[in-house]
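Enquirer: What follows is a structure written as structure tokens; I'll ask about it next.
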Amino acid sequence: MAMFVERYGKGDRIFFGLHGWSGDHTTFAPLANYLPADASLYCADLPGCGRSQPPLEWRLEELASEIADEISNLDSPSVTVIGNCSGAILALAAMPRIAERVNRLILIDPFAFAPWYFKLFVATPVGKYAYYSTFANPVGRWITNLSLRRHRTGESDLTVSFRAVDHNASYHYLRMLCAIDGIERFAWIRRPIDIVCGERTFGAIKRSVGMWRAVWPHARLFELEGAGHLPIDEATEDLSRIVFRG
């Protein structure tokens, strides 16, 4: 089942973006303003998000298969894959099928584990109701964004993407990602890897960075000054230099 993919640019250097939890292909739109003439940026709606149909099964393997199919269908033998937030895990899950095509991985604010506050939404019978109260309710989103102000810039809204999201799909993604156990399975990946995080991001992300670098000693780390958990919006120009100039 084909995913919806938006293309920016017409160049031969190919970049393929996978958004994070509650996002869609527009997550990467700010980077399009900095796209070099020799590059193309493909931005996908993950299965069940945006304009893409839900997967046949809500399993990591099924999603990884659909992602791998899209990247394999690109008319290019060499692709840079960008995974934002939880989209990083999905990119890594697809790697066994596309490793020969991927010349570089860029992981933006990537979680290496599910924080306890995410697991609360899936670990108890009332967790789903708590999720809807927090993310499907305008007041809940306002309170959540306010409480997370230390991890964003003043102009950013960490919950804005939940306004129009399919919450059934969003909850399935949360359950699936919370079930992932350990990142050692990705230690075999030896492609160039850049890990980018915001200076003011969540503590769980900073802990995750250490975990990722233990798995991949060859990975490069970039911390974007002043940015929180949304580097694409909060440090677009600096991030574009890392992404497009390497």
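The values are calculated or read from the model by the stated rules, or taken from the named source; none is laboratory data. The structure displayed is predicted, hence computed values, not measured ones. Heads up, the Cβs are rebuilt from the backbone with ideal geometry, glycines too, and the neighbour counts pull from every protein chain shown. Areas reflect the complete protein model, heavy atoms only, side chains present, ligands, DNA and RNA absent. Shrake-Rupley method; radii C 1.70, N 1.55, O 1.52, S 1.80 Å.
Enquirer: Please state which of the following conditions Q53 fails to meet, knowing it meets all the rest: (1) more than 23 Å from R241 (Cβ to Cβ); (2) surrounded by 20 or more Cβ atoms within 10 Å (Cβ to Cβ).
Expert: (2)
Enquirer: Residue check: is T236 modelled with pLDDT under 95 and open to solvent by less than 70 Å² (accessible area, probe 1.4 Å)?
Expert: So T236 does not fit the description; no.
Enquirer: Turning to a different aspect of this structure: Restricting attention to the stretch 96-116, does a residue exist that is of a type in the set (F, W, Y) and part of a strand (DSSP E or B)?
Expert: No, every residue in the stretch 96-116 fails to be of a type in the set (F, W, Y) and part of a strand (DSSP E or B).
Enquirer: Can you confirm whether the stretch 157-177 contains a residue that is closer than 30 Å to D38 by Cα and out of contact with any helix residue (DSSP H, G or I) (no Cβ under 9 Å at 6 or more places or on another chain)?
Expert: no
Enquirer: Still on this structure: Among the candidates A2, A29, A37, single out the residue that is out of contact with any Asp or Glu (no Cβ under 7 Å at 6 or more places or on another chain), aliphatic (A, V, I, L, M) and at pLDDT below 95.
Expert: A2
Enquirer: Select from the stretch 190-213 the residues that are open to solvent by 80 Å² or more (accessible area, probe 1.4 Å) and without any contact (Cβ under 8 Å) to a residue 24 or more places away in the chain and write down the one among them that is farthest from R149 (Cα to Cα).
Expert: Step by step, filter the stretch 190-213, then rank; the result is R213.
Enquirer: For the stretch 124-160, which positions are more than 19 Å from G198 (Cα to Cα), touching a residue at least 40 places away in the same chain (Cβ under 8 Å) and surrounded by 18 or more Cβ atoms within 10 Å (Cβ to Cβ)?
Expert: Passing the criteria: Y131, F135.
Enquirer: Being part of a loop (DSSP other than H, G, I, E, B) and either exposed (fewer than 14 other Cβ atoms within 10 Å of the Cβ) or at pLDDT 95 or above (or both) is the filter here, so list the residues in the stretch 167-188 that pass it.
Expert: Result: A179, D181, G182, I183, A187, W188.
Enquirer: Keeping to the stretch 142-165, report how many residues are under 20 Å from the mean Cα position of the chain (by Cα), farther than 16 Å from C85 by Cα and among the charged types (D, E, K, R).
Expert: Here the count works out to 1.
Enquirer: Report yes if some residue within the stretch 189-200 is in a loop (DSSP other than H, G, I, E, B), among the hydrophobic types (A, V, I, L, M, F, W, C) and at pLDDT 95 or above; otherwise report no.
Expert: Within the stretch 189-200, one or more residues are in a loop (DSSP other than H, G, I, E, B), among the hydrophobic types (A, V, I, L, M, F, W, C) and at pLDDT 95 or above.
Enquirer: Please identify the pairs in which a residue from the stretch 24-40 that is within 17 Å of G50 (Cβ to Cβ) has its Cβ atom under 6 Å from the Cβ atom of a residue that is in a loop (DSSP other than H, G, I, E, B) and open to solvent by 20 Å² or more (accessible area, probe 1.4 Å), counting only partners at least 6 apart or on another chain.
Expert: What qualifies is D24/G50; H25/G50.
Enquirer: While we're on this one: Kindly establish whether V122 is hydrophobic (A, V, I, L, M, F, W, C), under 30 Å from S76 (Cβ atoms) and under 22 Å from the mean Cα position of the chain (by Cα).
Expert: no
Enquirer: Next question. Just the residues that are assigned to a loop (DSSP other than H, G, I, E, B) and buried (at least 24 other Cβ atoms within 10 Å of the Cβ), please, taken from the stretch 8-22.
Expert: H19, G20, S22
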